[in-house]
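Just below is one structure, and these are the notes that go with it.
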Amino acid sequence: MTVRQLTLFGAEPRLLPSEEGLDQPVADGAAIPGADDLQIELFAQPVVLGRAMEAALAAGRFELAARLRVVLDETYGPSPRTQALGFLARLGAAVRDGPLGVTLSAWAEIDAQLAGRTHLRDCLRGGVFARLLASHTPQALVETRPECLPALAAVLASGREGSPEAGRRRARGLVRDALLAGRELAPLDFEPDEAVADLLAEDLPPRWLACLGLIRRLWPAPRPDESDLDGLENTSALGRSPEEAAIDFWQCLRVAERVDTPEELLHQARRRMKRLSPELHALYMRRATGTRGS
């Protein structure tokens with residue numbers, strides 16, 4: 001009797017010793033039983049249990065995935081596939097019982113170990129963030145573990161938590177806020193969003209990149225407070241540091257982007273932008289014609 005390999009990441013069963021198909025996604029339309037139907041049967045084929053384990057992993061149901069792994073080991077014997085998933089029990093406990101910082105630290109360690117196994121890593125990322133986003137905001141995740149931003153942005157933009165377009169807007173908002181906070185972001189970490197990666201490749205400090213991203217319409221400017229509308233004619237701050245100048249430019253953009261800004265304030269904001277950065281001001285003016293507030 002031939003022992004068949006569980007196809008956790010492959011649609012076709014293969015011989016157990018083979019390493020093929022380990023990082024290939026399950027075929028579209030493949031039947032995956034739900035948790036209520038499983039009953040963790042001892043007579044289920046390994047490919048069925050493998051697909052169910054992948055579905056549980058992608059949904060963030062790490063406890064169920066861990067139980068299925070045990071069943072596979074006990075029924076069909078340990079294999080390289082199940083041994084590689086030894087982190088499931090630990091991760092399930094961290095997500096269930098640990099503080100957010102501990103959970104994200106455990107995930108980051110496992111994620112780094114899966115760097116060469118793209119499908120498994122992405123599946124795990126989706127499951128972890130699906131679980132965490134059920135009880136935490138994306139902003140809370142990034143504040144707790146800033147390094148999770150690229151992975152979180154990719155998951156949001158994939159549309160797992162809603163429409164892809166809405167997810168992309170949320171992801172770009174997180175990038176914008178990180179840049180405004182002065183954080184350096186690597187273009188290669190955001191390759192799935194080509195426009196964001198191109199922006200990050202520009203030779204500008206982070207806060208100026210946030211301004212350029214708004215000019216390129218990658219993200220909107222939050223509506224300004226009343227305090228942002230005051231003092232636009234004050235030129236005493238123009239000799240400050242480049243970082244402070246970038247913050248001033250951003251505030252002017254917020255005023256200029258508001259559709260109900262009075263014309264006088266609009267012209268004041270644009271004049272100040274020109275003094276702060278003639279290059280970005282010129283780019284803004286070319287793009288602002290006919291699109292103000294869009």
ask   = Is it true that some residue in segment 115-138 is assigned to a helix (DSSP H, G or I), closer than 22 Å to residue 209 by Cα and in contact with a helix residue (DSSP H, G or I) (Cβ under 7 Å, 6 or more places away or on another chain)?
value = yes
message = When you scan segment 199-209, do you find a residue that is over 22 Å from residue 259 (Cα atoms), in contact with a helix residue (DSSP H, G or I) (Cβ under 9 Å, 6 or more places away or on another chain) and of a type in the set (Gly, Ala, Ser), even just one?
response = yes
query = Among all residue pairs at least 6 apart or on different chains, which show Cβ distances below 8 Å where the first residue, located in segment 167-187, is within 17 Å of residue 201 (Cα to Cα) and without any contact (Cβ under 8 Å) to a residue 24 or more places away in the chain and the second is assigned to a loop (DSSP other than H, G, I, E, B) and open to solvent by 30 Å² or more (accessible area, probe 1.4 Å)?
reply = 187/201
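Listed here are the residues, each with its yes/no results for (1) among the small types (Gly, Ala, Ser); (2) more than 13 Å from the chain's Cα centre (by Cα).
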position: 159; (1), (2): yes, no
position: 163; (1), (2): yes, yes
position: 167; (1), (2): yes, no
position: 171; (1), (2): yes, no
position: 175; (1), (2): no, no
position: 179; (1), (2): no, yes
position: 184; (1), (2): no, yes
position: 190; (1), (2): no, no
ask   = Listed residues 189, 198; which is loosely packed, with under 15 Cβ neighbours inside 10 Å, part of a helix (DSSP H, G or I) and either at positive phi or not hydrophobic (A, V, I, L, M, F, W, C) (or both)?
value = 198
Options 178, 115, 154; residue that is crowded, with 18+ Cβ neighbours inside 10 Å and out of contact with any Leu (no Cβ under 8 Å at 6 or more places or on another chain) = 154
task = Would you point out which residue out of 265, 209, 280 is assigned to a helix (DSSP H, G or I), farther than 24 Å from residue 149 by Cα and at pLDDT 95 or above?
result = 280
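The values are calculated or read from the model by the stated rules, or taken from the named source; none is laboratory data. Note that the structure is predicted; figures quoted are calculated from it, not measured. Note that we place each Cβ from the backbone using ideal geometry, even for glycine, and neighbour counts take in every protein chain shown. Just the protein is used for accessible areas: all its heavy atoms, side chains included, with ligands, DNA and RNA removed. Shrake-Rupley method; radii C 1.70, N 1.55, O 1.52, S 1.80 Å.
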